[in-house]
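Everything below concerns the one structure shown next.
The values are calculated or read from the model by the stated rules, or taken from the named source; none is laboratory data. Given the structure is predicted, the values throughout are model-derived calculations rather than measurements. Note: ideal-geometry Cβ built from the backbone for every residue, glycine included; neighbour counts use all protein chains shown.
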Amino acid sequence: MSKDPKKWLIAVAIAVIFAACFPTIYNRPKPEPVTYQVNLVSLIRTVDPSVVYVEAVDEYGDRLWSGSGVIISSDGLVLTAGHVIDGAVAFKVILPDGQEFWSNKSYLSNITDVGLIQIDAEKLPFSHIGNSDNLRKGEEVFIIGSPLGFNLFNTVTAGIISGLKRDIDFFGEKLMIQSDSASFSGNSGGPVYNMQGRVVGVLVGGYGYYDNISLVIPSNICRLVVNIYKAERELENAS
């Protein structure tokens, strides 16, 4: 059965008029994908299992203070701030999955305020250390740590790189990174991640009484301290 050409032409004309009267229905732009939020959520989910709570203990077993840290090798090497471990004789390290480890093995670099804790474990989740020399002002970063103690375990704050090569003597003798990510007491030792999920620094504290001025030890300095620690262990164990 053939179609009526007049009816077909009328239908086409009505469709053209309708599209001309309501162009936004056909030309409405598609919403932009929220890639930043999706990526950040995914990154946090990936690295969070390696970020730990650290509690420093004196010779009597009493708690001195707490801090944060990040596991950087599957055999339990924890990177933290030097002042988190300075003056303590033992440490309780708690992982996000609830595992607890005690350790009296630590290493302190006074000229950098980098600290290391070795816990006896295997096949632990860990984060990779990135290249802090590639950081640029305005680059997005995020910090994970436990501000004000265990009750705020693994809090995430996000921001940008605010400055590079800051000379702040209080936290060691090496140049530091500045970020506007919020930080509080207990965040010290927490890892600073770039948007590739690499540790690009370790938080050591805020600057004075100013908000949103967080100071960070560059990851390349941390890497050097880790290499020195490993070399000294190899020397001690050499026959």
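When region 93-107 is filtered for residues that are more than 18 Å from the chain's Cα centre (by Cα) and surrounded by fewer than 19 Cβ atoms within 10 Å (Cβ to Cβ), the ones remaining, listed by number, are Gly98, Gln99, Glu100, Phe101, Trp102, Ser103, Asn104, Lys105.
Every residue, every condition in (1) within 25 Å of Val141 (Cβ to Cβ); (2) at pLDDT 95 or above; (3) acidic (Asp, Glu), yes or no:
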site: Leu43; (1), (2), (3): yes, no, no
site: Tyr60; (1), (2), (3): no, no, no
site: Leu64; (1), (2), (3): no, no, no
site: Leu95; (1), (2), (3): yes, yes, no
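Pairing each residue of region 68-89 that is not assigned by TED's automatic domain parsing to the domain that holds Gly190 and crowded, with 24+ Cβ neighbours inside 10 Å with any residue that is outside any strand (DSSP E or B) and among the charged types (D, E, K, R), provided the two are 6+ apart or on different chains, yields C-beta distances under 6 Å for Ala81/Asp113; Gly82/Asp113.
Of all residue pairs spaced 6 or more apart or on separate chains, those with beta-carbon atoms under 7 Å, a first member in region 39-59 that is assigned to a strand (DSSP E or B) and a second member that is among the charged types (D, E, K, R) are Glu55/Arg63; Glu55/Lys92; Val57/Arg63; Val57/Lys92. Against the numbered list (1) over 19 Å from Tyr229 (Cα atoms); (2) part of a loop (DSSP other than H, G, I, E, B), Phe126 comes up short only at (1).
Listed here are the residues, each with its yes/no results for (1) in contact with a Phe, Trp or Tyr (Cβ under 9 Å, 6 or more places away or on another chain); (2) crowded, with 20+ Cβ neighbours inside 10 Å; (3) more than 17 Å from Ile71 (Cα to Cα).
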site: Asn110; (1), (2), (3): no, no, yes
site: Leu116; (1), (2), (3): yes, yes, no
site: His128; (1), (2), (3): no, no, no
site: Ser132; (1), (2), (3): no, yes, yes
site: Arg136; (1), (2), (3): no, no, yes
site: Ile143; (1), (2), (3): yes, yes, no
site: Phe150; (1), (2), (3): yes, no, yes
site: Ile160; (1), (2), (3): no, no, yes
site: Asp167; (1), (2), (3): no, no, yes
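Considering every residue within region 102-114, establish whether at least one is without any contact (Cβ under 8 Å) to a residue 40 or more places away in the chain and in a loop (DSSP other than H, G, I, E, B). Yes, because at least one residue in region 102-114 is without any contact (Cβ under 8 Å) to a residue 40 or more places away in the chain and in a loop (DSSP other than H, G, I, E, B).
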